[in-house]
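One structure is given below, encoded as structure tokens.
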Amino acid sequence: MSSTLSFDKALEIGRPPNIQQLFPNSRALIVSGKVIDRAMLAKGHAMTMAANGRNNTVIRGALKAAQRANAALILEIARSEGGASAYCATNYWNLARQVDAVCNELSITVPVAIHADHYGIKSEGDLPFAHVEIPSIFDAGITSIAVDASHMQDDQNLLASIDLARFIPAWAGYETEVGEIKGKFGLSSVEEALFLVQGLNAHSIFPDWIALNNGTTHGIEASDQGIQVELTAEIHNALSRYNVSGAQHGTSGNSSERLRAIAGKTRTTKANVATALQMVSWGLEVNDYGNAILDDHGEFIKVKGEGVTESLWKEMREYAVSQGWKGGNYKKLNLVFENKILGQSREVRERMTGRVEDFVYSLLVDVFNAADTADYALDAIAQAGSFDLGAKAERTEQAGDWTPEKIRERAARMDTDKGPEGDFDD
């Protein structure tokens, strides 16, 4: 299909106020996360990549792939990756600026949302700081956010989400989360998901997405447990009257077949990919869905002539060893080595970007069914006549049934398994 809305008109009416203010002369079509979600829903059984831009070559490669596929895209960074205590050079405050610059440099015309992933709240003590920091990231060009208070109990998760909603612009994409991402432990249930979504609904908060603990993990997946498709579909169907789409986390550890099932059999429209893109950009040997392949000693395998130079990879490995970092903790190399990566020759930087581009393009087109969703996104903007697409749902729950006291009472009656304690940050 082709959209009836011209690109120039989309630039005029489709960019949110913060983007217009930051980049008044830009020709980058940075939009609300709502636009991306609606595009996937309009095409049907489609989800797009939410690519974690841990380094600049990932950002460039993902944007080039989206342009090639004519696919609407999300670029994101999580609080642990790019918040106040970051392990990446990309952060909440520069991601939009990087995306805008690359879009203008490379004439990228597909719609792109800038998502603050996993804005983590670990306790009530985190809330006062969040009251200040969340507005600051929207000032810096964020157009979508995931408020993740799933580390707390269900009542605290809901109450924190209600508290923070007032700091999120009504036009912005909004993601909520139930259950920490713990693999096969502490799987989310219909009861937990309904509790969170209904409680938000009672306070006129209408999430675009919900993330679940549906069997996957962040980082390197060592088993084939992966996403539980039927559980995901069951929870999504139970939430259907609230028009909430799914956000799939931890896709890097799942096969293409399983990811096609998530797109085809559930209401998922957003699929987070982080670790795979990092590994691909560095030039490590990966399987067909981006999971790094290890040698007999449990070490990563560098493909000669791909990704970073062999000398830089040797330096990165030696630094990781000196810090005691193994496996998933190699992610901490991003901040330390970003400038050295950018300081490589043009040929090397371009082969890094090209490797990411080919990987992302294959997922978007062959697995996620996201090809040509850029046109559906333009149509969504045209139908709204605005950057603000409004909510997909309306309030059906009664606020009086969801006071703080009743929220705590309801949560106390729920029989839930949160799984083991531990650090399950992305």
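Conditions tested, residue by residue: (1) under 18 Å from the mean Cα position of the chain (by Cα); (2) of a type in the set (Val, Ile, Thr); (3) over 28 Å from Ala193 (Cα atoms); (4) assigned to a loop (DSSP other than H, G, I, E, B).
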site	(1), (2), (3), (4)
Arg241	no, no, no, no
Ala247	yes, no, no, no
Arg258	no, no, no, no
Ile262	yes, yes, no, no
Thr269	yes, yes, no, no
Gln278	yes, no, yes, no
Gly290	yes, no, yes, yes
Gly307	no, no, yes, yes
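What about Thr109, is it touching a Phe, Trp or Tyr at 6+ places or on another chain (Cβ under 8 Å) and in a strand (DSSP E or B)? Judged against the criteria, Thr109 is not a match.
Based on what the data block shows, is Leu200 over 19 Å from Gln21 (Cβ atoms), of a type outside the set (S, T, N, Q) and part of a helix (DSSP H, G or I)? Yes. Sort out which residues of the range 55-87 are surrounded by fewer than 24 Cβ atoms within 10 Å (Cβ to Cβ) and in a loop (DSSP other than H, G, I, E, B), and write them in order of number. Correct list: Asn70, Gly83, Ala84, Ser85, Ala86, Tyr87. Pairing residues of the range 1-14 that are over 20 Å from Ala69 (Cα atoms) with residues that are assigned to a helix (DSSP H, G or I) and aromatic (Phe, Trp, Tyr), at Cβ distances under 7 Å and at least 6 apart in sequence or on separate chains, gives no pairs at all.
Just give me the residues in the range 318-376 being more than 30 Å from Ser2 (Cα to Cα) and either touching a strand residue (DSSP E or B) at 6+ places or on another chain (Cβ under 8 Å) or among the aliphatic types (A, V, I, L, M) (or both), in sequence order. Those that are more than 30 Å from Ser2 (Cα to Cα) and either touching a strand residue (DSSP E or B) at 6+ places or on another chain (Cβ under 8 Å) or among the aliphatic types (A, V, I, L, M) (or both): Ala320, Val321, Tyr330, Leu333, Leu335, Val336, Ile341, Leu342, Val348, Met352. Considering (1) crowded, with 20+ Cβ neighbours inside 10 Å; (2) out of contact with any strand residue (DSSP E or B) (no Cβ under 8 Å at 6 or more places or on another chain); (3) not hydrophobic (A, V, I, L, M, F, W, C), the lone condition that Glu133 does not fulfil carries the number (1). Do the conditions hold for Ala380, that is, is it out of contact with any His (no Cβ under 8 Å at 6 or more places or on another chain), closer than 30 Å to Glu257 by Cα and not charged (D, E, K, R)? Criteria met by Ala380. For residues that are of a type in the set (Phe, Trp, Tyr) and farther than 27 Å from Ala263 by Cα, scanning just the range 323-377, find the one that is surrounded by the fewest Cβ atoms within 10 Å (Cβ to Cβ). Step by step, filter the range 323-377, then rank; the result is Trp325. When the range 340-360 is filtered for residues that are under 14 Å from Gly53 (Cβ atoms) and of a type in the set (D, E, K, R), only Glu357 remains.
Apart from one condition, Gly327 fits all of (1) out of contact with any helix residue (DSSP H, G or I) (no Cβ under 6 Å at 6 or more places or on another chain); (2) at pLDDT 90 or above; the exception is (2).
Assess whether Ser386 counts as being more than 24 Å from Cys88 (Cα to Cα), out of contact with any strand residue (DSSP E or B) (no Cβ under 8 Å at 6 or more places or on another chain), free of Cβ contacts under 8 Å to residues at least 24 places away in the same chain and among the hydroxyl-bearing types (Ser, Thr, Tyr). Criteria not met by Ser386. With respect to the conditions (1) surrounded by 18 or more Cβ atoms within 10 Å (Cβ to Cβ); (2) closer than 24 Å to Pro169 by Cβ; (3) modelled with pLDDT under 95, Ser3 falls short on a single one, namely (2). The set of residues in the range 12-34 being crowded, with 17+ Cβ neighbours inside 10 Å, hydrophobic (A, V, I, L, M, F, W, C) and over 16 Å from Ala116 (Cβ atoms) consists of Phe23, Ala28, Leu29.
The values are calculated or read from the model by the stated rules, or taken from the named source; none is laboratory data. Because the structure is a prediction, the values reported are computed rather than measured. Using ideal geometry, Cβ is built from the backbone for each residue, glycine included, and neighbour counts are taken over all protein chains shown.
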